[in-house]
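Following: one structure in structure tokens, then a few remarks.
The values are calculated or read from the model by the stated rules, or taken from the named source; none is laboratory data. As the structure is a computational prediction, the values presented were derived from the model and not from experiment. Using ideal geometry, Cβ is built from the backbone for each residue, glycine included, and neighbour counts are taken over all protein chains shown. Ligands, DNA and RNA are excluded from the accessible area calculation, which covers all protein heavy atoms including side chains. Shrake-Rupley method; radii C 1.70, N 1.55, O 1.52, S 1.80 Å.
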Amino acid sequence: QMWEEAIALGKELAEQYENEMFDYEQLSELLRKQAQFYENIVKVIRPKPDYFAVGYYGQGFPTFIRNKVFIYRGKEYERREDFEARLLTQFPNAEKMKTTSPPGDDIKTSSGQYIQCFTVKPKLDLPSKFHRPVSEQIVSFYRVNEVQRFEYSRPVRKGEKNPDNEFANMWIERTIYVTAYKLPGILRWFEVKSVFMVEISPLENAIETMQLTNDKINNMVQQHLNDPNLPINPLSMLLNGIVDPAVMGGFANYEKAFFTEKYMHEHPEDHDKIEKLKDLIAWQIPFLAEGIRLHGEKVTEALRPFHERMEACFRQLKDKVEKQYGVRAILSSLEERRGSRPRSMVRSFTMPSSSRPLSVASVSSLSSDSTPSRPGSDGFVLEPLLPKKMHSRSQDKLDKDDLDKDKKEKKKEKRNSKHQEIFDKEFKSTDISLQQAEAVILSETISPLRPQRPKSQVLNVMGSERRFSVSPAAPGSQLSPPPITPRTKLAFSIQPNLELNGMSSSDIPDIPPPLPLKGSTADYGNLMESQDLISPTTSPPAHQRVSP
């Protein structure tokens, strides 16, 4: 699960595949693996192994480990007791030391075998590329990997013992171990090359503890924001241990120990450190506020009284801290994640009202302008189109269409009067050339290359009562040519083997080829040879038929 190391090796291979071998197939497969590694880094929770310092003291050990200290990397979820038992099986005659302090010369020069084992904490050493704050999920890898410095802290009391406040004289004796190589490496254990010790004053220990507490609260809140399915119990214990004074006392012990006139008078050099500690205490309030708010959203009804008590304790703590140390505020990351969706994004996920599917009857009601078919709709609310509503809207559109057609027909009668006179003359004539010219005109009219005429335009052939439309011919018209009359001629269907007035299409010169058959029966230009293939339900409505 060290995907960071796999990515580094993958980049070296990618350079070879892309610029040296030109093997793009291997390159694509490698890049897909790298993408999966990056996703695993962010989403998969990896266990953090413990590190143990092991000292082999006494002349009974082999020379390569005699009187030396090594840092071991434990297995996943391996406790110190299990590691010690596994270690002692290799040296069954060795004696386990009870203390963690360095042994004296009497033990080192003895002929026996003494093993000292205790847990050490790896020191984070972030790579230089992380020059800005990054996600905890990314940083967590470097807390237990690629580490070379380890520390062990042991509390030491100096001065008079204060029974009321143990923090006032608690010093920390910190031992730093530096290994020969970074862990993990080709081995799970490396020799310690240098050891040095530092002492941490009680005030410095308080500052460090407050910083770690704030980081822990912030990290846990971020984990719950990233994964809402995490259990709430660890968050409850952490928050309650800080805000409830009956549990741990919080930072009240620091106030009693370091924020007194006596301590400031005896340690004037610690003024800056005291101000830093006050600032950390003030910054803890917004972190706690975010955690308690998140806890209130996820708490169950059984834990509701516990949460209400925790809120009451936090309000008292907040009023006290803000009054003494000032107010700090952070931008809530949860509010950013829950921010309202941009209007442009809303538009991309909704359908404007003008493009919603309408019924067959209401399609024709759309005029040439871009007015939406549903008045009052802004196009940003998706409403289901129920059948009853669709029928009522469609019926309204039909009524409106009838009125529009009546008005437009009266206007079209005047415009088409000249065309009607020409057609009447041509229909009365028996000249075949004129008849074939008429057929050419019809063929050009239904050609898809010409723009579709308005839906309401019709041609009155025999007065204003008879309408002319291009529709499939009657079954009888396919068997023999109909008599040449204006009405019959205008109702014929164009077919490949059509004969007009006893003459086949092959005998007529300069006639364009017939139109190809359409695949959809609802198409205005679809003309089929057999009327039997057309069902009554597939023919388009009257207001959708297009007239030449």
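What to note about this one:
- Cβ pairs under 8 Å, 6+ apart, first in segment 1-16 and within 16 Å of TYR38 (Cα to Cα), second open to solvent by 90 Å² or more (accessible area, probe 1.4 Å) and not in a loop (DSSP other than H, G, I, E, B): TRP3/TYR38; ALA6/LYS33; ILE7/TYR38; GLY10/LYS33
- Counting only residues that are within 50 Å of the chain's Cα centre (by Cα) and of a type in the set (D, E, K, R), segment 105-126 holds 3 of them.
- Condition check for GLY55: assigned to a loop (DSSP other than H, G, I, E, B) and surrounded by 15 or more Cβ atoms within 10 Å (Cβ to Cβ): no
- For segment 58-83, a tally of residues being farther than 25 Å from GLY104 by Cα and in a loop (DSSP other than H, G, I, E, B) returns 6.
- Checking SER101 against (1) loosely packed, with under 11 Cβ neighbours inside 10 Å; (2) closer than 30 Å to ASP227 by Cα, the condition it does not meet: (2)
- Flag set for LEU31, criterion: out of contact with any strand residue (DSSP E or B) (no Cβ under 6 Å at 6 or more places or on another chain), surrounded by 13 or more Cβ atoms within 10 Å (Cβ to Cβ), aliphatic (A, V, I, L, M) and assigned to a helix (DSSP H, G or I).
- The single condition among (1) free of Cβ contacts under 8 Å to residues at least 12 places away in the same chain; (2) over 45 Å from the mean Cα position of the chain (by Cα) that MET170 does not satisfy is (1).
- Output for segment 141-172, where each listed residue is exposed (fewer than 14 other Cβ atoms within 10 Å of the Cβ) and farther than 16 Å from GLU204 by Cβ: GLU160, LYS161, PRO163, ASP164
- Exactly one residue among LYS43, LYS121, LYS68, LYS129 is within 23 Å of ILE186 (Cα to Cα) and open to solvent by 90 Å² or more (accessible area, probe 1.4 Å), and that residue is LYS121.
- Any hit, segment 57-72, residues being aliphatic (A, V, I, L, M), assigned by the TED database to the domain that holds VAL144 and free of Cβ contacts under 8 Å to residues at least 12 places away in the same chain: yes
- Every residue from segment 320-333 that is of a type outside the set (Phe, Trp, Tyr), surrounded by 11 or more Cβ atoms within 10 Å (Cβ to Cβ) and under 19 Å from PHE251 (Cβ atoms): LYS320, VAL321, GLU322, GLN324, GLY326, VAL327, ARG328, ILE330
- Residue check, ILE138 surrounded by 12 or more Cβ atoms within 10 Å (Cβ to Cβ) and more than 30 Å from PHE37 (Cβ to Cβ): no
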